[in-house]
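Below is one structure; the comments refer to it alone.
We did not get these values from a lab; they are worked out from the coordinates using the rules stated. Because the structure is predicted, anything quoted here is derived from the model rather than measured. Cβ atoms come from the backbone with ideal geometry, glycine included; neighbour counts cover every protein chain shown.
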Amino acid sequence: MKRELSSSQAAALTHGRHMKLARRVALTLVVLYMVATALLIFMTATAKGSIPIRVSVACDSALWERSLLRAYREVGTREATGRNDGVRVGQYLRSVGLGEGFPYCLAGHYYSFLETVSGLALTSRDIPILRTASTQACFDRALRTGTQEPLGSPRRGDIIIWKLGEQYLGHAERIWDAQDRNYGWIQTVAFNVSVDRQGSQRDGGGVALKLRNWRHPLVRMFFRGVISRSMGIT
């Protein structure tokens, strides 16, 4: 004999079916979002003639690692008035021949290399990146002097470069920890960014550790590539 369901049991069964359907729809939307994002990155990069690549440059291994540690020590630095200014920010910018007021996302990393060379009996000529505040000029110079390789997965110490649309502008950060490379998550040492979750990720007010996903655009910027140390150099 078939048993009739009470109204409460029928309602619970219907609710369970709806919840199961909702979970399936949510999962489908997440998958579609990931596919659409990956396609967007590919189409954007292709349209601009720039599939993300790795460029390897010659650099002393101790200089490469210790300069990263030096950059890490700058985490927590804040601008004086939020206008790319302050004693420390001024030092970053002077290392590339500029005064306060200019973007310093790359200058901070050049400063870290410069502060490291003297302790290793090296000179500024041993610094593997261009003396500039321009992220795009730095990457272009690496393309001319370094070795292009398939991107693979970003590694600790890599300098990651983003580009802002068709403009000769962008952003640079250095990978502190490639913690979950299979899913694209990396932790970076970032200069000239918001030190909080909110605010500009390209022209913020200090130096911070940031969690990024290199598989996704950074706001309106696409991932151009990374500058790495040539593994054959000791």
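Numbers at a glance
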| item | result |
| --- | --- |
| Ordering of 82-89, 123-130 by burial proxy (mean other Cβ atoms within 10 Å per residue, highest first) | 82-89, 123-130 |
| Packing-based ranking, highest mean first, of 137-146, 221-230 given that Cβ atoms within 10 Å are counted | 221-230, 137-146 |
| FRET efficiency, 1/(1 + (r/R0)^6) with R0 25 Å, evaluated for LEU69 and ASP140 via beta carbons | 0.35 |
| Rounded FRET efficiency, nearest 0.05, which uses the C-beta distance separating TYR183 from MET19 and R0 of 30 Å | 0.65 |
| Relative compactness, segment 51-229, computed as alpha-carbon Rg over 2.2 N^0.38 Å | 0.94 |
| Projected label distance in nm at LEU27 and THR132, using a 7 Å step from Cα toward the beta-carbon | 4.9 |
| Residues ILE53, ILE186 arranged by fewest to most Cβ contacts within 10 Å | ILE53, ILE186 |
